[in-house]
Each structure stands twice: as structure tokens, then as C-alpha cells.
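**Q** So that we are looking at the same thing, I have put the structure below in C-alpha cells.
The values are calculated or read from the model by the stated rules, or taken from the named source; none is laboratory data. Just so it is clear, the structure is predicted and the values come from calculations on it, not from any experiment. Ideal geometry is used to build each Cβ from the backbone, glycine not excepted, and the neighbour counts take in all protein chains shown.
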Amino acid sequence: MEAFTTHTGRAVPLRRSNVDTDQIIPAHWLKKVTRDGFEDGLFEAWRKDGEFVLNRPERQGATVLVAGPDFGTGSSREHAVWALQNYGFKAVISSRFADIFRGNSLKNGLLTVVLPQPTVDALWELTEADPTAEVTVDLVARKVTAPGVEADFELDENARWRLLEGLDDISITLRHEEDIAAYEAKRPSFKPQTLPA
Amino acid sequence: MGRTLAEKVWDDHVVRRAEGEPDLLFIDLHLLHEVTSPQAFDGLRKNGRRVRRTDLTIATEDHNTPTLDIDKPIADPVSRTQLETLRKNCAEFGVRLHPLGDVEQGVVHVVGPQLGLTQPGMTVVCGDSHTSTHGAFGALAFGIGTSQVEHVLATQTLPMAPFKTMAVTVNGELPEGVTAKDLILAIIARIGTGGGQGYVIEYRGEAIEKLSMEARMTICNMSIEAGARAGMIAPDETTFAYLEGREHAPKGADWDAAVKYWRTLRTDEGAVFDHEVVIEASELAPFVTWGTNPGQGAPLSASVPDPASFTDPSEKLAAENALKYMGLTAGQPLREIAVDTVFVGSCTNGRIEDLRAAAALLRGRKVADGVRMLVVPGSVRVALQAVEEGLDKVFTEAGAEWRHAGCSMCLGMNPDQLKPGERSASTSNRNFEGRQGKGGRTHLVSPQVAAATAVLGHLASPADLSDVREPAGV
Ligand code: SF4
């Protein structure tokens, strides 16, 4: 997993609330067998509309998504996070995220930042008025800054440490490989095995 | 203070416990199938990791497999890719696989128990929510997501958040004609689809103890539909008898040691559950769903409820939406609902006892005109057993279709689907909108109700069949 310290990029203002994971990545994309290549499925239904914000030429290359409240509700599919990352987003800002989506995103290195709705409104107004405006998400200082906007955000210490170090769950567990080996050594012999010994 | 069954199994699997962190648990058995594993293997590959314990891992193909013409190439390219990817991954990482055409192939939750791989006191995981099925053996069995699948492949462990415990005690005896499926549907209707959230449910009481292993699997299978993390039943003589002699069951001295340990896996006298629910078995009757979630069910003798009768505004809205989607009107007797499709199968009710129960009612009778009945064994082994007992003949003679093993019409991921507006009586576990095909309408039922419904063409219980015989009067 890539480490996240601080990121600066242009933003996409997404003025919609209750964006569920089926809208982020429709179910028929779930049949893919890799972790990448989901970028074309991101917000697929909405992107059929040429005026949809993601389709606007001035939004190309943007890396910060500023979304409405209750982002990521619905099915627990992790593909929603991959789709956002494959598309190029590094951080998503919203006043409220669905729990499972937030858990999935932090695990995968996509920083979800919770800011009060007035701050989200300010970011929407700013980036709508000036699409070139850059937003900085600083995980070290736990701060979001943009021209005329400055806001602190919270993130639990454990999640923050993992993002800063770029540690995924597996690498963290493998730090305790000795504990695993010790447990394995004392498992009873009657436990079944799937392969011939 | 005593411990519950779930707590005992949990404690026996703690690899590492640290303040402020979730416990790291060892996983005894990891089941894989084609839908939720590809990205996990992809992740291993990207990070140069291997499967830590191939000897505790097993894969089969089920969700995408067709149930007809299985010797022909799979028509849907996406399904084909998922299956081919699983085969490639298993070969590359050294994982045992039972592919389509293999004698041990089948729905993953039917295959594990039948091989004797699911045993009491184990931790079992699979990238599938109905992993709760394995709790029937007194195992702690969880459905997990794809990144957790990768985690288990790489480390054979999983960090797990603590759970709460719930006891569902079923007193007394189930009345004649009332099955495990009716019981679990009634339980879900009682506690709600969110009622089990955060809990591991232990089913106990006289009615549960009397159930066969297959019926216990039906109960635990649907724990997830009550929102529970898992469901469990304490192992007993029924469990041991089911396991003894199975391919992967312990043998000789190991068997004795295992049984000795398994006998300790009971909730201690004085252990306290965080929540308790008590059900009187004698009050139960055949139960069916009328709505679009498994909690929207009622006794077959009842009528479609009036949404206005729900006091909770969100339940009321859900009922309104459900009736609209299901094309039903309030007050309509459930027995008068006509179906065009009947599905017997899935990891809930696709085992041999389920097929026997359905066949017993179909013997000498005919599936009603205009009704399509699919019988899909949960695994190839189940199919072979059914053939040996002549059940396949009973089904085909009654006019039902006898298919190859797989998930089939439990979900619309393979060719067996409902068309928009079609209505099924289904022994599966989910009646969500579109679950069995876009626009399809699902009523969840027991195998017995499914068979009676197939004969009469409308939702019906076995008792309704008493005077329906083939003209010849067999
Ligand atoms: S039979 Fe249905 S519920 Fe069971 S594993 Fe297959 S799709 Fe899932």
C-alpha cells in the first residue's frame, strides 16, 4: 500500500448526498477478476450525461473528491474504493461516510476526510468558481487547506499511522509472524487438513 | 462466570491479544469460490506473497456454474473468466480445487460439511455471507470480504472485532409438517433483518437439539439474514454421528481426542448472553415470505399484511415498497398467490434431506401446468446420493427439471434466472429485489412448501395436498 502523508490536487465537487456503492460502481462490474481497471465503471450511470461534473474538461486530472453527506452507503463492495483509486482519486471529503465504506477506504489507502458540512459547502463553492483551485489534504498536520479554506480533521491514531506508513492489514499481521508460528505449533493433531499430509 | 460456546471457540483461537487492538484469530478452514477470491490472489501476486496454509484451504466452483450442459464451454464470458481465473490461481498457489465436473464440486457450504472438513470448535471463513452455515457444527464461521480473504490466504489469521452474544431458545417440539426453514423464517420475522447485528447467535433448546445436522445447517445458514455475524449450535451426539467416518473427520485416537474436546463446547451453566429470545416451537406453522427481505414473512395461513398496520414508519414504507415490487395487495391470502417457478436447492435447502422431503411429496403427483420446477442438488455428492435413491426419477416424472449441482437460481449469476415479473417459491435464503433475476419476485419457503406449491400452482403446505393424487391414484 502506498503511504499517504500529504496530497495536493484539484477537486471534483459532487453535490449529491447518499451516493451508494452501486452508484459508485454498478454491480455488473463485480465480475472482474483484478483490482484495477475499474476507472471506467466509476459513477458509470451518471457519466452517460456529458454534463456530469466528472465529464467536464476542467475536471480532468482532479484527485480530490468533495462529496455530499452519507457517501458510500449500501453494499459493502470494496470495488467502490478501487474504482475511486483507479480513477485517480487520492482523497474523498464528505461530512459523513457510511462505516463500511470508510473502513474499506482506509484499509486500501484512500483517505476519507470528514469535515463539517459548512466547510464542504465552502469547498464546493470555491472549486465550482475556480476549477483550478488546489486542495491540500495534509495527514501529518490533519488539516485540509485551499484558498480561503482551512479546516482540521480527525482520524483515529491507528488508521493514521497505517496510512502514514503505508501499511496494509497483512503487513501489520506479518509483523507478528512469530505469534502465528507459535500458535500453529500447538494446534491439536485432530484438526482437519485439506491436503494429504 | 461461565463462558458461552462462541466465547470458548473464540478464546481457543487467539493468536495475539493486545490492548486497544482487535484479537488476531487463527483460522482453521478457509473455503474459496470463484467470485470473491480473484482479487485476493491478485493482491498476493502484486505483493509477492504466498498462501501460508494451503493445507487449510479448499476451493470449489459454484456461483457461476451452469446447471445444464456442463460439458460445454460456459457461454457467459464473464462467468467463464471467473472460473478460469480460479483454476489458474489454485494451480499457481497450490490450492486444492474441485472444479465443475469434479465429484466433490458443489455449493461451497454444502461441500465443506460433507467432506467432514467442518468440525466443532473450528474457525471457518469464506468470502461469502452464508458461511454461517458451518456454525451448525459448533464452529465459529464468518463470511468475510475480499481483502480479508487475501489476509487469511497470506497469514491464516484474521483480526476480528469483538462480538455480542444472543441466545435463541426454541422450546418444545416442532409440530408435524413444520421444518427448520419455517423456524428460521419465523425467527427472522420476529427479531428483524437487523436484529442480529453485532451478535453471534446460539440456537438452543429442545426443538434445536432434535434437529438433524442438515436442518441445523438450514437454521445457521440464515443467521446472516437476521444481520448476525454468525450462528451456532452446540455439538452433540447428532453432530458426532454425522461426522464419524467422513473423509476428513479424525480417525482412531484422534477421533477420541477430538470428541473429548468437542464435548466441552457447550455454553456453561451461568454464562450470560447479551440478549435472549425465546420461541415456543408448538406455536409455529409453515412460514413464507411475502416481501423483499427475509424478515417480511408470515404463516402460510395468513394474508398479505396491510402496510398501514406497521407502527414503525420505516417498516411501513418497506412494506409498501415490497407489495408494489411483489405485485401483491394487502389482505390477499398468502395461499392464493400463484407462482410460475419453483426452485429447490441452494446452501439453505439443497442437501439430501431437503431433496428427500420434496420428493416424498411429489411422488405420484404432477407439477401443475404452467409451473416450471427446478431441482438443483447442492453438490455432486448430493446428486449422486439422490440418483441412488431414485429421487431424480421422482422429480422428472412429476415434471420437474433435475439439474446439475451449483448455486443456480439462488442468485442471478448463472443462466438460471427469473424473468421480469416472474414469481417463484424458492428454498433459497434471499428474496431481495432482483436476487433471482431482474424484476423477479421471490417467496422464500421450505422444500415441503416448495413441493406442495409446485403441485397446486399456488403457495401451499403439504397438508393442502392430502387429496391431490395423480388420476391413476398411485
Ligand atoms: S447457494 Fe446461494 S446463498 Fe448459497 S453460496 Fe450459493 S449463491 Fe450464496
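**Q** Quick check on this structure: which one of B:T264, B:T218 is within 14 Å of another protein chain (Cβ to nearest Cβ), of a type in the set (S, T, N, Q) and out of contact with any His (no Cβ under 6 Å at 6 or more places or on another chain)? First the steps, then the outcome.
**A** On the way: B:T218 fails: within 14 Å of another protein chain (Cβ to nearest Cβ).
Just one listed residue meets the conditions, B:T264.
**Q** Let me ask something else. Across the stretch B:405-416, what is the total count of residues that are of a type outside the set (A, V, I, L, M), touching a helix residue (DSSP H, G or I) at 6+ places or on another chain (Cβ under 7 Å) and either free of Cβ contacts under 8 Å to residues at least 40 places away in the same chain or under 18 Å from B:R80 (Cα atoms) (or both)?
**A** Applying the first criterion (of a type outside the set (A, V, I, L, M)) to the stretch B:405-416 yields B:406-408, B:410, B:412, B:414-416.
After this cut, where a residue has to be touching a helix residue (DSSP H, G or I) at 6+ places or on another chain (Cβ under 7 Å) as well, the list is B:407, B:410, B:414, B:416.
Narrowing further to those that are either free of Cβ contacts under 8 Å to residues at least 40 places away in the same chain or under 18 Å from B:R80 (Cα atoms) (or both): B:407, B:414, B:416.
Qualifying residue count, the stretch B:405-416: 3.
**Q** Being among the small types (G, A, S), in a loop (DSSP other than H, G, I, E, B) and surrounded by 15 or more Cβ atoms within 10 Å (Cβ to Cβ) is the filter here; which residues of the stretch B:263-283 pass it? If you could, list the steps in order and put the result at the bottom.
**A** So in the stretch B:263-283, the residues among the small types (G, A, S) come out as B:270-271, B:281-282.
Subsequent filtering for residues that are in a loop (DSSP other than H, G, I, E, B) retains B:270-271.
Selection gives B:A271 alone.
**Q** Just to be sure I understand, how many residues within the stretch B:284-310 are assigned to a loop (DSSP other than H, G, I, E, B) and of a type in the set (A, V, I, L, M)?
**A** Total meeting the criteria: 5.
**Q** Given the criteria among the β-branched types (V, I, T), within 15 Å of the ligand (Cβ to nearest atom) and surrounded by 22 or more Cβ atoms within 10 Å (Cβ to Cβ), does B:V375 qualify?
**A** Values: among the β-branched types (V, I, T): yes; within 15 Å of the ligand (Cβ to nearest atom): yes; surrounded by 22 or more Cβ atoms within 10 Å (Cβ to Cβ): yes.
So B:V375 passes the test.
**Q** Right, another one. Name the single residue that is farthest from B:E209 (Cα to Cα) among those in the stretch B:126-141 being more than 14 Å from the ligand (Cβ to nearest atom) and more than 12 Å from the chain's Cα centre (by Cα).
**A** Taking the candidates together, the pick is B:L140.
**Q** Which residues, taken from the stretch B:112-126, are more than 11 Å from chain A (Cβ to nearest Cβ) and in contact with a strand residue (DSSP E or B) (Cβ under 8 Å, 6 or more places away or on another chain)?
**A** Residues of the stretch B:112-126 more than 11 Å from chain A (Cβ to nearest Cβ): B:113-114, B:125-126.
Across the stretch B:112-126, the qualifying residues are B:Q114, B:V125, B:C126.
**Q** Suppose we keep only residues that are within 10 Å of chain A (Cβ to nearest Cβ) and outside any strand (DSSP E or B) within the stretch B:3-16. Which one would you say is farthest from B:V125 (Cα to Cα)?
**A** Looking only at the stretch B:3-16, we keep the residues that are within 10 Å of chain A (Cβ to nearest Cβ), and these are B:12-16.
When the remaining residues are screened for being outside any strand (DSSP E or B), the result is B:12-13.
Numbers: B:D12: 16, B:H13: 13 Å.
Among residues in the stretch B:3-16 that are within 10 Å of chain A (Cβ to nearest Cβ) and outside any strand (DSSP E or B), the one farthest from B:V125 (Cα to Cα) is B:D12.
**Q** For A:N158, only one of the following conditions fails: (1) surrounded by fewer than 20 Cβ atoms within 10 Å (Cβ to Cβ); (2) farther than 30 Å from B:R53 by Cβ; (3) within 14 Å of chain B (Cβ to nearest Cβ). What is its number?
**A** With (1) surrounded by fewer than 20 Cβ atoms within 10 Å (Cβ to Cβ); (2) farther than 30 Å from B:R53 by Cβ; (3) within 14 Å of chain B (Cβ to nearest Cβ) applied to A:N158, the lone miss is (2).
**Q** Another question, then. Taking A:R175 as the residue in question, decide whether it is under 24 Å from B:A40 (Cα atoms) and either at the interface with chain B (Cβ under 7 Å from one of its Cβ atoms) or touching a residue at least 24 places away in the same chain (Cβ under 8 Å) (or both). Walk me through it before giving the result.
**A** Numbers: under 24 Å from B:A40 (Cα atoms): yes; either at the interface with chain B (Cβ under 7 Å from one of its Cβ atoms) or touching a residue at least 24 places away in the same chain (Cβ under 8 Å) (or both): no.
When the stated conditions are applied, A:R175 does not pass them.
**Q** What residue, of B:A258, B:A249, B:A234, is away from every other protein chain (no Cβ under 14 Å) and among the small types (G, A, S)? Quick ask: steps written out before the conclusion?
**A** Details: B:A258 fails: away from every other protein chain (no Cβ under 14 Å); B:A249 fails: away from every other protein chain (no Cβ under 14 Å).
Of B:A258, B:A249, B:A234, the one residue that is away from every other protein chain (no Cβ under 14 Å) and among the small types (G, A, S) is B:A234.
**Q** Let me ask something else about it. Only residues that are within 16 Å of the ligand (Cβ to nearest atom), in a helix (DSSP H, G or I) and out of contact with any Asp or Glu (no Cβ under 8 Å at 6 or more places or on another chain): list them for the stretch B:335-357, please.
**A** If the condition is that a residue be within 16 Å of the ligand (Cβ to nearest atom), in a helix (DSSP H, G or I) and out of contact with any Asp or Glu (no Cβ under 8 Å at 6 or more places or on another chain), then B:S346, B:C347, B:T348, B:N349, B:L355 are the ones that fit.
**Q** Just wondering, is there one or more residues in the stretch A:109-122 that are within 14 Å of chain B (Cβ to nearest Cβ) and modelled with pLDDT under 95?
**A** Residues of the stretch A:109-122 that are within 14 Å of chain B (Cβ to nearest Cβ), as a first pass: A:109-110.
Among the residues that remain, those that are also modelled with pLDDT under 95 are: A:109.
Within the stretch A:109-122 (the criterion being within 14 Å of chain B (Cβ to nearest Cβ) and modelled with pLDDT under 95), the answer is yes, since at least one residue qualifies.
**Q** In this structure, does B:I191 turn out to be at pLDDT 95 or above and more than 12 Å from chain A (Cβ to nearest Cβ)? Give the steps one after another, and end with the answer.
**A** Values: at pLDDT 95 or above: no; more than 12 Å from chain A (Cβ to nearest Cβ): yes.
Answer is no for this residue.
**Q** Got at least one residue in the stretch B:7-20 being modelled with pLDDT of 95 or more, touching a His at 6+ places or on another chain (Cβ under 6 Å) and under 29 Å from B:K164 (Cα atoms)? Quick ask: steps written out before the conclusion?
**A** If we filter the stretch B:7-20 for residues that are modelled with pLDDT of 95 or more, which is where we start, we get B:7-17.
If we keep only those that are touching a His at 6+ places or on another chain (Cβ under 6 Å) as well, we get B:16.
Now restrict to residues that are under 29 Å from B:K164 (Cα atoms): B:16.
Within the stretch B:7-20, one or more residues are modelled with pLDDT of 95 or more, touching a His at 6+ places or on another chain (Cβ under 6 Å) and under 29 Å from B:K164 (Cα atoms).
**Q** Looking at A:A141, A:A197, A:A185 in this structure, which one is at negative phi, away from every other protein chain (no Cβ under 12 Å) and among the aliphatic types (A, V, I, L, M)?
**A** On the way: A:A197 fails: away from every other protein chain (no Cβ under 12 Å); A:A185 fails: away from every other protein chain (no Cβ under 12 Å).
The unique qualifying residue is A:A141.
**Q** Sticking with this structure for a sec: Residue by residue through the stretch A:66-83, note down the ones that are among the β-branched types (V, I, T) and touching a strand residue (DSSP E or B) at 6+ places or on another chain (Cβ under 6 Å). Walk me through how you get there before you give the answer.
**A** Pass one, the stretch A:66-83, residues among the β-branched types (V, I, T): A:66, A:73, A:81.
Residues satisfying the conditions are A:V66, A:T73.
**Q** Something else now. So, in the stretch B:308-354, of the ones that are in contact with a strand residue (DSSP E or B) (Cβ under 7 Å, 6 or more places away or on another chain) and of a type in the set (A, V, I, L, M), which residue ends up surrounded by the most Cβ atoms within 10 Å (Cβ to Cβ)?
**A** B:V344
**Q** Let me ask another. Quick one: count up the residues across the stretch B:36-50 that are surrounded by fewer than 23 Cβ atoms within 10 Å (Cβ to Cβ) and among the aliphatic types (A, V, I, L, M).
**A** 1
**Q** Counting only residues that are of a type outside the set (F, W, Y) and within 16 Å of the chain's Cα centre (by Cα), which one in the stretch B:426-441 is surrounded by the most Cβ atoms within 10 Å (Cβ to Cβ)? If you could, list the steps in order and put the result at the bottom.
**A** Here is the first cut: in the stretch B:426-441, the residues of a type outside the set (F, W, Y) are B:426-431, B:433-441.
Applying the additional criterion that residues be within 16 Å of the chain's Cα centre (by Cα) yields B:426-431, B:435-436.
Numbers: B:S426: 32, B:T427: 30, B:S428: 29, B:N429: 27, B:R430: 22, B:N431: 28, B:R435: 21, B:Q436: 28.
By that ranking, first place goes to B:S426.
**Q** Looking only at the stretch B:36-51, which residues are touching a residue at least 24 places away in the same chain (Cβ under 8 Å), more than 8 Å from chain A (Cβ to nearest Cβ) and either assigned to a loop (DSSP other than H, G, I, E, B) or small (G, A, S) (or both)?
**A** Scanning the stretch B:36-51 gives B:T36, B:S37, B:A40, B:R50, B:V51.
**Q** Now a separate question. Does B:L391 fit the bill of being more than 16 Å from the ligand (Cβ to nearest atom), in contact (Cβ under 8 Å) with a residue 12 or more places away in the chain and touching a Pro at 6+ places or on another chain (Cβ under 6 Å)? Spell out how you get there, then give the answer.
**A** On the way: more than 16 Å from the ligand (Cβ to nearest atom): yes; in contact (Cβ under 8 Å) with a residue 12 or more places away in the chain: yes; touching a Pro at 6+ places or on another chain (Cβ under 6 Å): no.
No.
**Q** If you don't mind, there's one more thing I want to ask. Considering only residues that are away from the ligand (no atom under 13 Å from the Cβ) and within 11 Å of chain A (Cβ to nearest Cβ), which ones fall in the stretch B:52-70?
**A** So in the stretch B:52-70, the residues away from the ligand (no atom under 13 Å from the Cβ) come out as B:52-59, B:66, B:68-70.
B:R52, B:R53, B:T54, B:D55, B:L56, B:T57, B:I58, B:A59 - these are the residues of the stretch B:52-70 that are away from the ligand (no atom under 13 Å from the Cβ) and within 11 Å of chain A (Cβ to nearest Cβ).
**Q** Scan the stretch B:434-448 for residues that are of a type outside the set (G, A, S), within 16 Å of the ligand (Cβ to nearest atom) and within 14 Å of chain A (Cβ to nearest Cβ) and jot them down.
**A** Within the stretch B:434-448, B:R435 is the sole residue that qualifies.
**Q** Away from chain A (no Cβ under 14 Å), within 16 Å of the ligand (Cβ to nearest atom) and closer than 23 Å to B:A460 by Cβ, is that true of B:L418?
**A** Values: away from chain A (no Cβ under 14 Å): yes; within 16 Å of the ligand (Cβ to nearest atom): yes; closer than 23 Å to B:A460 by Cβ: yes.
Yes; evaluated as a whole, the condition is true for this residue.
**Q** If a residue counts only when it is surrounded by 23 or more Cβ atoms within 10 Å (Cβ to Cβ), which strands (runs of 3 or more DSSP E) contained entirely in the stretch B:71-179 have at least 2 such residues?
**A** Hits in the stretch B:71-179: B:123-126, B:140-143, B:157-160, B:164-171.
**Q** Condition check: assigned to a loop (DSSP other than H, G, I, E, B) and polar (S, T, N, Q). Does B:T239 satisfy that? Steps first, please.
**A** Details: assigned to a loop (DSSP other than H, G, I, E, B): no; polar (S, T, N, Q): yes.
No, not satisfied.
**Q** B:K260 is checked against (1) within 16 Å of B:L5 (Cα to Cα); (2) in a helix (DSSP H, G or I); (3) among the charged types (D, E, K, R); (4) in contact with a helix residue (DSSP H, G or I) (Cβ under 7 Å, 6 or more places away or on another chain) and fails just one. What number does that condition carry?
**A** (4)
**Q** At least 3 residues that are surrounded by fewer than 19 Cβ atoms within 10 Å (Cβ to Cβ) and at pLDDT 90 or above in each: list the helices (runs of 4 or more DSSP H) lying fully within the stretch A:3-97 that qualify.
**A** A:44-47
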